[in-house]
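All remarks here apply to the structure that follows.
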Amino acid sequence: MTIQTVHDMRRSPSSLFVCLLFTLSLCTSTADAQLQEGHTYRLQPVTNAALNLFPENASLDASTPIVLWEQTDVPAEQWEVGRLGFHYTFQNTYTRYFLSVSNNSVGSTTRQARNASTARWQLEVVDEAALIYRLIPAAGSACLQASASGVQPTLAKVVDDNQQQLWQFVEVEPQAVFDSVMQRAMIDLYLDRFLQKIDSRRATFIRGSWGESEQLEVLLDAYEATRDDKYLSDAIHVYNFFNANVGSNWLRLVYSDNYKWYGHDFNDDVMWQIIATARLGWLSGQDKYTKAARQNFDAIWDRAYIPFTGLMRWAEQSGDPYGTNSCIAGPTEVAACYLAMSGAGEKYYEKARDLYAAQRYRLTNMNTGQVYDACVWNPETQKVKSLNDWASTYNQGTFLGAATMLYLHYGDEQYLADAQKVMEYTVKNLCNRQGIINACQVNDGDLCGFKGILMRYVRRFVTEAGQTQYQEWLAKNAFHAYNNRSPQGVTTSSWLKKSTNDVATNAFSCSCAASAAAAVVFSKEETGIQPVPDEGYRIGRQTSSPLQCYDLSGRPTPLTHGTLILGRRKVMIR
């Protein structure tokens, strides 16, 4: 019997029962010859092979609409085929939800397909060799019909010559967990998209501002994560372009088409360049970077330190002259630690320690782990006259970094306790219920660069303070950012939402996802982070033999290759 005969029988009400049995027979025989249970596929409309079924924004929530989206080769567009008797199920590789129908709309609404008739499907063979089918819910006679990009497919009456009702299954290798291959892709595609090579020794991302300093740090993140010298070389090139335009004195204004720098006003901008440069000296072992960072640190300290507060002035010309905030205090503490670690002297640890104590007293609530944003002093009473208790990923991150670095140097358990509180607050208050950051969901302005700062210091907290319980949290965020990448392979700071090519154009915003990827910890030893092999390590935990790794829903799955060594990194290998 031909497919055309099946169509003719469907048109005849008297043949409905026979047709249904025949259709189910096709599902269990001819379809079986090609479509394999346990295999994973992309589901794309025949009318547009560039699109495929995708949970909107890769959401991990129930009742998420399924939309058509441009193919970006991510797990959220992969579906594992299962069988329940005569019916098929399609489970999303990333969300672990099943493709289902609710209120006549298509959505991944359930994790339990066995007891949910809405998650069972009939397949009508159209072209067996090409794996082309109609998808018909088990509880209905309408079929799935393609729509436009970004729009939910609909359920429609079957029409023989309607090509929008035909779906092709394209087999893919399932990507169930975040691995080092994804990590390198996120970093390298970001650099391919945004790093501008000026000449053989100079490069830039955005030709100035504190965002440039932050993106220099992304390259250092990548180097620490992979030990690939190309990232260190690119970081040096970005520094060289900064140095060529700004020079040795960073406390000045540079405003030209070639470069923009606001060191005359914003002390935190200068401090971010100090951090990046001191870290560059620490990682490269070249003292010239440490000297440049130390020279400008000392100048900022002399200019911005407010003795009666024990804190730093945020800006010289903007805002209140007695205004301070965590976005200058935290970076100053981190910068001082990097300088001390690079051999600048114990006095820098002492400056970091004293400033940390003042920030902790005035700008945090360590009962909860919340880091406040800012306060303004009254110079006459020498007391706080106003306080902004807003918490951000930026300030949580730098305070976490300072606490971790001071703990490693002094061994005072109070620093570790503070860091743990900061992380607890961050996960509880700045993330959704799945642990994905939902703060700073913006794609422009200063806030778009905040998340990368947090991820950077969470990594240090994990690797240097041995807090491996946050290893999976890092992977969750990087994995979600990966699933929401644009067709060009980059993701904005607003990684709870699918990135599009026309939106993912802000290099600073997209740097956060690259930092999130670099922050994921796969393998480490007591004496340093080891290079991750090209074939990719799996995120997971070490258990009794055989080893298991865990996907992001907590499902154990065999660890097929790689090892995971838990421990505390005390010495950085140069």
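By the gyration tensor of its Cα atoms, with a ≥ b ≥ c the square roots of the eigenvalues, what is the shape of segment 22-170: rounded for a/c under 1.5, prolate for a/b over b/c, or oblate? It is rounded, given that a/c, with a ≥ b ≥ c, falls under 1.5.
May I ask for the net charge around Asp446, where only other residues with Cβ less than 11 Å from the Cβ of Asp446 are counted and Lys, Arg are +1 while Asp, Glu are -1? For residues surrounding Asp446, the net value is -4. Computed over the Cα atoms of segment 346-393, pair by distinct pair, the Kirkwood hydrodynamic radius stands at 11.9 angstrom. The calculated FRET efficiency for the pair Ser105 and Asn365, based on their C-beta separation and a Förster distance of 45 Å, comes to about 0.55.
Placing a label point 7 Å from the Cα of Asp160 along the Cα-to-Cβ direction, the residues of segment 130-144 whose backbone N falls under 20 Å from that point are 132-136, 141-144. Counted residue by residue at 0.36 nm each, then reduced by the alpha carbon distance between them, the extension gain from Gln434 to Ser141 reaches 101.9 nm. Using the Cβ-Cβ distance between Gln36 and Asp192 with R0 = 35 Å, the FRET efficiency computed as 1/(1 + (r/R0)^6) comes to roughly 0.50. Between Ala357 and Val181, the modelled labels are 5.3 nm apart [label points 7 Å from Cα along Cα→Cβ]. Here the spin labels are modelled as points 7 Å beyond Cα on the Cα-Cβ line, and at Asn388 and Asp444 they lie 2.0 nm apart.
What is the P(r) of segment 235-294, as percent of Cα-Cα pairs per 5 Å bin from 0? Spelled out per bin, shortest first, that is 4, 20, 30, 26, 13, 6, 1. For segment 265-430, the calculated P(r) over all alpha carbon pairs, in 10 Å bins from 0 to the bin holding the longest distance, is 11, 41, 36, 12, 1 percent. Projected over all directions and averaged, the alpha-carbon convex hull of segment 91-232 occupies 13.6 nm². Distance from the C-alpha centroid of segment 45-119 to that of segment 237-275: 49 Å, rounded to the whole angstrom. Modelled spin-label separation between Gln71 and Asp199, with each label point placed 7 Å from Cα along the Cα-to-Cβ direction: 4.4 nm.
None of the figures in this text is laboratory data; all of them are computed from the coordinates on show. As the structure is a prediction and not an experimental result, all values here were calculated from the model. So basically every Cβ, Gly included, is an ideal-geometry build from the backbone, and we count neighbours across all protein chains shown.
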